[in-house]
Amino acid sequence: MAGSVPAELVALAQRLADAARPIASRYFRTGLTVDDKTDSSPVTIADREAETAMRTLLARHVPGHGVFGEEHGAERTDAEYVWVLDPIDGTKAFITGLPIFGTLIALLHRGVPVLGIIDQPILKERWLGAAGRPSTLNDKPIKVRACAALDKAYMYSTAPLMFPGPIAKRHEALAETVKLFRWGGDCYAYGLLAAGHVDLVVENSLKLYDFAALVPVIKGAGGLITDWKGRELDMRSDGSVLAAGDPAIHRAASAVLAG
């Protein structure tokens, strides 16, 4: 990524994560009420409160910036800087007591993700990626690992429902080629890739708030993250995501997914 993110915006992103973390922690494993959104996906008071807390800080400190949040909608998305918020990515994990969900915070500059945070409130793990600096996990630099062949790769995808129709066969072909494949992970799998524990994360049907924060984290750790056709991820992406630690398996996985 060209350029760098102003230090004050990196600090503000950290403050957003600091505001959301205790809210998610307070409601975790408490048997809270779960509502269904119009697309049948679950949402809780924790999602809504955490996003409200983050939006309040943004309104106070950067009122001219845009905001695109999963729970409370979009404002000024034509602004030069737009914050993208997913207060609890992995709500199904959250409501079933599994600590692999995360708060995702991204900053777009002219539509391109330049800053991202993956924050896991229960494990107290925070990945930070920003243009012009190496990615970190709890302030320590991290790096993806080398893996030159698919038959040696460890791969994650969150759920079969992400791969409808003929896409399922392409995904299945890739999953059968790698050394180890696991369902699950949500945003946490991308953090594991950035830290050198996983080689591939392959998903589909994602929204902007699901993937924007992941891009700077993966890139700043030396990895690649694109759509299935190798195109950079931005506000206009189609929702397919292929993240890899090694360029060789990114190319190989792209070929399998292309059918």
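The values are calculated or read from the model by the stated rules, or taken from the named source; none is laboratory data. These numbers come from a predicted model, not from an experiment. Here the Cβ positions follow ideal geometry from the backbone for every residue, glycine too, while neighbour counts run over all protein chains shown. Keep in mind that these areas ignore ligands, DNA and RNA; they rest on the heavy atoms of the full protein, side chains included. Shrake-Rupley method; radii C 1.70, N 1.55, O 1.52, S 1.80 Å.
Would you mind stating whether Asp35 is at pLDDT below 95, more than 28 Å from Asp139 (Cβ to Cβ) and assigned to a strand (DSSP E or B)? Yes; evaluated as a whole, the condition is true for this residue. All of Ala153, Ala148 fail the test of being over 14 Å from the mean Cα position of the chain (by Cα), hydrophobic (A, V, I, L, M, F, W, C) and modelled with pLDDT of 95 or more, apart from Ala153. Can we say Ile100 is out of contact with any strand residue (DSSP E or B) (no Cβ under 6 Å at 6 or more places or on another chain), among the hydrophobic types (A, V, I, L, M, F, W, C) and open to solvent by less than 10 Å² (accessible area, probe 1.4 Å)? In short, no. Taking the criterion of being surrounded by fewer than 17 Cβ atoms within 10 Å (Cβ to Cβ) and either free of Cβ contacts under 8 Å to residues at least 12 places away in the same chain or within 15 Å of the chain's Cα centre (by Cα) (or both), the residues of region 170-200 that qualify are Glu172, Glu176, Gly184. Quick check on my filter: what residues within region 238-256 are closer than 20 Å to Gly102 by Cβ and assigned to a loop (DSSP other than H, G, I, E, B)? Scanning region 238-256 gives Gly239, Gly245. Residue-level check: of (1) touching a strand residue (DSSP E or B) at 6+ places or on another chain (Cβ under 6 Å); (2) buried (at least 19 other Cβ atoms within 10 Å of the Cβ); (3) small (Gly, Ala, Ser), Ala79 misses just (2).
Beta carbons closer than 7 Å, at least 6 apart along the sequence or on distinct chains, pair a first residue in region 221-249 that is on the phi > 0 side of the Ramachandran plot and without any contact (Cβ under 8 Å) to a residue 60 or more places away in the chain with a second that is in a loop (DSSP other than H, G, I, E, B) and crowded, with 18+ Cβ neighbours inside 10 Å for Gly239/Asn204; Gly239/Leu206. Considering only region 85-96, I want to know if a residue exists there that is basic (Lys, Arg), in contact with a His (Cβ under 8 Å, 6 or more places away or on another chain) and touching a residue at least 24 places away in the same chain (Cβ under 8 Å). There is no residue in region 85-96 that is basic (Lys, Arg), in contact with a His (Cβ under 8 Å, 6 or more places away or on another chain) and touching a residue at least 24 places away in the same chain (Cβ under 8 Å). Within region 134-145, the only residue that satisfies the criterion of being surrounded by 16 or more Cβ atoms within 10 Å (Cβ to Cβ) and over 18 Å from the mean Cα position of the chain (by Cα) is Arg145. Whether a residue is open to solvent by 10 Å² or more (accessible area, probe 1.4 Å) and either charged (D, E, K, R) or at pLDDT 90 or above (or both) was assessed, and Glu51 does not pass this test. In region 213-237, of all residues being in a loop (DSSP other than H, G, I, E, B) and touching a Phe, Trp or Tyr at 6+ places or on another chain (Cβ under 8 Å), the one that is surrounded by the fewest Cβ atoms within 10 Å (Cβ to Cβ) corresponds to Ser237. For region 110-123, filtering for residues that are surrounded by fewer than 20 Cβ atoms within 10 Å (Cβ to Cβ) and in contact (Cβ under 8 Å) with a residue 60 or more places away in the chain leaves 3.
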